[in-house]
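Bear in mind these aren't lab numbers, they're just calculated from the coordinates by the rules spelled out. All figures in this text were calculated on a predicted structure; none of them were measured in a lab. We place every Cβ from the backbone using ideal geometry, glycine too, and count neighbours over all the protein chains shown.
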Amino acid sequence: MGKKLYVGNLRYTVDSAELERLFGAHGTVQSAQVVMDRETGRSKGFGFVEMGSDQEAQSAIAALNGKDMGGRNMVVNEARPQPGGGMFRAGGARRGGPGGGGGGPGGHRRS
């Protein structure tokens, strides 16, 4: 099991410091990051936490997956590397076409 965890179904008001506090009860948190929308600066409702060891990661998953946090049941599982390297993901396909903009051919968006 990996040390990097995906954390989903978060309230949009949760920040990285709150994630670090929450997961810190289950071991050493090496990093905690809530993913933000580049255009709006608002949370996308998910993030990633890297724990100090595989055992701590497993403990955090067991304790926090499905836990109610402000009326939402968190999803906590092992993050998997995206095909092509670099970024991590929780599953599902990445959106966007050529040009990385999404929204169809050429990656252009409609206004």
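Net charge near Gly27: determine it from the other residues with C-beta under 12 Å of the C-beta of Gly27, scoring Lys and Arg +1 and Asp and Glu -1.
-3
Summing +1 for each Lys or Arg and -1 for each Asp or Glu, what net charge is found among the other residues whose Cβ lies under 10 Å from the Cβ of Lys3?
On the way: positive: Lys4; negative: Glu50, Asp54, Glu56, Glu78.
Taking every Cβ under 10 Å from that of Lys3, the sum is -3.
Sum up the charges of everything whose Cβ sits under 11 Å from the Cβ of Met69, counting Lys and Arg as +1 and Asp and Glu as -1, but leave Met69 out.
Details: positive: Arg11, Lys67, Arg72; negative: Glu18, Asp68.
Around Met69, the surrounding residues sum to +1.
7 Å from Cα along Cα→Cβ at both Gln33 and Thr13: what's the point-to-point distance in nm?
2.6
Once amide H atoms are placed 1.01 Å from N in the peptide plane, what residues at a sequence separation of 5 or more from Asn9, or on another chain, have their amide H within under 5 Å of its amide H?
For Asn9, whose amide H was placed from the backbone, the distant partners under 5 Å are Val75.
In sequence order, what are the phi-derived ³J(HN,Hα) couplings for the stretch 50-58 according to the Karplus relation 6.51 cos²θ - 1.76 cosθ + 1.60 with θ = phi - 60°, rounded to whole Hz, with x for glycine and proline?
These are the phi-based 3J(HN,Hα) values: 10, 8, x, 8, 4, 5, 5, 4, 5 Hz.
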